[in-house]
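The values are calculated or read from the model by the stated rules, or taken from the named source; none is laboratory data. What you see is a predicted model, and the numbers here were worked out from it, not measured in a lab. Don't worry about glycine lacking a Cβ; one is built from the backbone with ideal geometry, like all the others, and counts go over all protein chains shown. Heads up: the accessible areas ignore ligands, DNA and RNA and are worked out on the full protein's heavy atoms, side chains in. Shrake-Rupley method; radii C 1.70, N 1.55, O 1.52, S 1.80 Å.
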Amino acid sequence: EERAKGGVGMNIVEATYVARSGNSFDLGLGISDDFMIKGLSKLTDAVHRHDGKIAIQLQHGGRFGNPPTSGCPRLLVSMIPGLAPTENARVMDADDIEGMVEAYVQAARRAVEAGFDAVEIHGAHGYLISQFLSPSTNHRKDEFGGSLQNRMRFMDMVMEEVMKAAGSDMAVLVKMNMRDGFRGGMELDETMQVARRLEQSGAHALVLSGG
């Protein structure tokens, strides 16, 4: 509220898990259940009182999920020993992927109901969407792995459905890596293609990051 009062154009709320399995932090903020709408509405009301705007990041940790906090196993794009914890973890199957797309959709719906002006799809920093995009973390042999076209498939599905859920009154931003910053990760030649695809998908703004 103080930021909005001071003239900040838009506050963006931190990485907010769309499903309990995606909670990456001991005190992670969630938008995974309808009962959370009431509390999140207090945030939007506080900002709107001062004519500010407020967005919320929609995130899932994937391999960075925190089972002791979430009570759920880590959901992995690929099982890569040495890269991700394999204890209390499993690779996502087709049903998991379909369910996760729906989790993003429901999170966007809750964001609308809670009064947010925008959602920011978190596709960077090694979280779930980033894990699908990066050849370093995506070793899948199905239609979600291999070529960049396939590695973008999960992102495409999320974007198509979130754009519908957001409707005409809510902006959809996407946070994306320009470089993963390590050997075997995403580099500019591929991330430029990702950026173009996000533009085609209707993203209203790209928030550029890395690592």
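Within region 120-211, which GluC sites (Glu not before Pro) sit in a loop by DSSP and count at most 16 neighbouring Cβ atoms inside 10 Å?
Counting only loop positions with at most 16 other Cβ atoms within 10 Å, the GluC sites (Glu not before Pro) in region 120-211 are 143, 187.
Could you tell me how many degrees, from 0 to 90 and to the nearest 10, lie between the Cα long axis of helix 94-114 and the main elongation axis, the longest principal axis, of the Cα atoms of the chain?
Helix 94-114 and the main axis of the chain meet at about 10 degrees.
Could you work out the relative contact order of the chain? I mean the mean sequence separation of Cα pairs under 8 Å and 6+ apart, divided by the number of residues, in percent.
19
Subtract the Cα-Cα distance of residue 80 and residue 199 from 0.36 nm times their separation in residues, and report this length gain in nm to one decimal.
Computed gain between residue 80 and residue 199 is 39.7 nm.
For the chain, what is the calculated [θ] at 222 nm in deg cm²/dmol (nearest 500), taking -39500 (n - 2.57) for each run of four or more DSSP H residues and dividing by its residue count?
-11000 deg cm²/dmol
Helix 188-201: angle to the longest alpha-carbon principal axis of the chain, degrees 0 to 90, nearest 10?
For 188-201 against the chain, the angle is about 50 degrees.
Round to a whole angstrom and tell me the spacing of the C-alpha centers of region 80-123 and region 151-169.
Computed from Cα coordinates, the inter-centre distance equals 12 Å.
Leaving out same-chain residues fewer than 8 places away, which aspartates and glutamates sit with a Cα under 16 Å from that of residue 5?
45, 51
Taking all protein chains in place and a 1.4 Å probe, what share, in percent, of the accessible surface of the chain do carbon and sulfur account for?
For the chain, the apolar C and S fraction of the accessible surface comes to 51 percent.
Who wins for biggest fluctuation among 70, 168, 130 in a Gaussian network model of the chain, springs between alpha carbons below 10 Å?
Of the options given, 168 has the highest mean-square fluctuation.
Probe of 1.4 angstrom, ligands and nucleic acids ignored: what's the accessible area per residue over the chain, in square angstrom?
That works out to 47 Å² per residue.
Between residue 27 and residue 5, what is the label-to-label distance in nm when each label sits 7 Å out along the Cα-to-Cβ direction?
If labels sit at residue 27 and residue 5, their model points lie 2.1 nm apart.
Amide H neighbours of residue 12 under 5 Å, at least 5 residues apart or on other chains, H built in the peptide plane: list them.
55
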